[in-house]
Structures are given as structure tokens and as C-alpha cells.
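In what follows, a single structure is set out as C-alpha cells and then discussed.
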Amino acid sequence: MATDTPAPTGIGVLRRDFRTDPFFDGAAADRLVIRRCADCDLWLAPDATCCPGCGSEEPGWADAAGDATLVTWTVVHGRPAEDGTVPPPAVLALVELTEGPWLHTRLVGVERAALREGLPLTAVFEHPGEGESYLLFRPA
Ligand SMILES: [Zn+2]
């Protein structure tokens with residue numbers, strides 16, 4: 001789902017490398033793909049390199065539902081541009097997926113007054129003209 005939200009600056013959730021290709025390929029197709037250990041059925045963050053449940057060094061991948069709740073957040077104010085325009089503040093958040101893993105992400109479409117712990121969220125994907133698609137969350 002494309003929106004007019006400006007690209008985040010300096011808050012990259014993940015950098016694509018061979019270990020995170022499934023996450024980015026999923027994001028490009030509007031799917032939230034995270035790690036899931038096939039051996040012990042534990043869901044893990046996309047950048048997990050081994051399973052804390054059983055020690056597997058090759059946890060697999062699976063589609064998460066894309067539902068989460070807000071754990072904590074920070075409102076970051078951008079610096080004014082040279083022409084004096086001030087970018088809208090960004091809401092950086094830590095969210096807990098219903099599957100369990102926590103993700104650092106950015107919220108869109110939420111009023112600051114509505115921010116609260118436990119706020120239900122749903123994943124949305126941004127597809128910039130250049131670069132990787134990325135994950136954002138908005139109120140469910
Ligand atoms: Zn495991």
C-alpha cells in the first residue's frame with residue numbers, strides 16, 4: 001500500500017543482506033515475513049541469527065499475520081529544511097507482534113494523543129521509487 005509518507009531517515013529497521021532477503025522480498029509483496037524456527041516452533045525477529053529456543057543456527061521463515069501492539073515509542077522531530085519547511089515528526093516505535101517477536105519500526109497515521117501502550121497496530125508496507133520496500137505500522 002503506497003502512501004505519501006516521506007522515507008524515514010536514519011532509522012532503517014533492517015539492512016538487506018543474504019540473511020534478510022526473505023524479509024525484504026516479503027515486504028515488496030506486502031507480506032510480513034519473519035523468522036520461525038521449524039524445529040521448536042518459535043517465532044523470531046527477522047534479524048535473528050539463531051534460535052534461542054533450541055540453538056538452531058538456521059531458523060526458517062514464515063508469514064506473520066502483521067498484527068502487533070505498541071510497546072513503547074519516541075516522537076522524533078525532523079530538522080527544518082533550508083527553505084524553512086519542517087518535516088512532520090516521526091513516531092519511532094517498538095511493537096510486539098502477535099507471534100511474539102518485538103520489532104523496531106515507525107508508525108504512520110496515528111495522532112500523538114492516541115499513542116498508548118497496547119495500541120493495536122497492523123503492518124503496512126511502503127514501496128519507495130528507489131530502494132527497498134519497508135515496513136511501517138498504523139493503528140489497526
Ligand atoms: Zn528453535
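The values are calculated or read from the model by the stated rules, or taken from the named source; none is laboratory data. The model shown is predicted, which means the values in this text are computed figures rather than measured ones. Positions of Cβ are backbone-derived with ideal geometry, glycine not excepted, and every protein chain shown enters the neighbour counts. Calculation scope for accessible area: heavy atoms of the full protein, side chains included, ligands and nucleic acids excluded. Shrake-Rupley method; radii C 1.70, N 1.55, O 1.52, S 1.80 Å.
Key figures for this structure:
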item	result
Magnitude of the charge dipole, the chain, Cβ model with Lys/Arg +1 and Asp/Glu -1, debye to 20	380 debye
Dipole-positive endmost among 128, 86, 23 within segment 21-139 (Cβ charges, Cα centre)	86
Å² of accessible area per residue within segment 21-139, as computed with a 1.4 Å probe and no ligands counted	54 Å²
For segment 117-133, 3J(HN,Hα) per residue [Karplus equation, 6.51 cos²θ - 1.76 cosθ + 1.60, θ = phi - 60°, Hz, x = Gly/Pro]	4, x, 4, x, 10, 9, 6, 10, 10, 9, 10, x, x, 10, x, 6, 5
From phi via Karplus (6.51, -1.76, 1.60), per-residue ³J(HN,Hα) for segment 83-99 in Hz, x at Gly/Pro	7, x, 6, 9, x, x, x, 9, 9, 8, 9, 10, 10, 10, 5, 4, 6
Environment charge at residue 51 (Cβ cut-off 15 Å; Lys +1, Arg +1, Asp -1, Glu -1)	-3
Long-range HN-HN contacts of residue 36 with modeled amide H, under 5 Å	44, 60, 61, 62
Rounded to the nearest 10 Å², the accessible area of residue 110 at probe 1.4 Å	30 Å²
Within the accessible area of the chain (1.4 Å probe), percent carbon and sulfur	51 percent
Overall form of the chain per C-alpha gyration tensor (a/c, 1.5; a/b vs b/c)	prolate
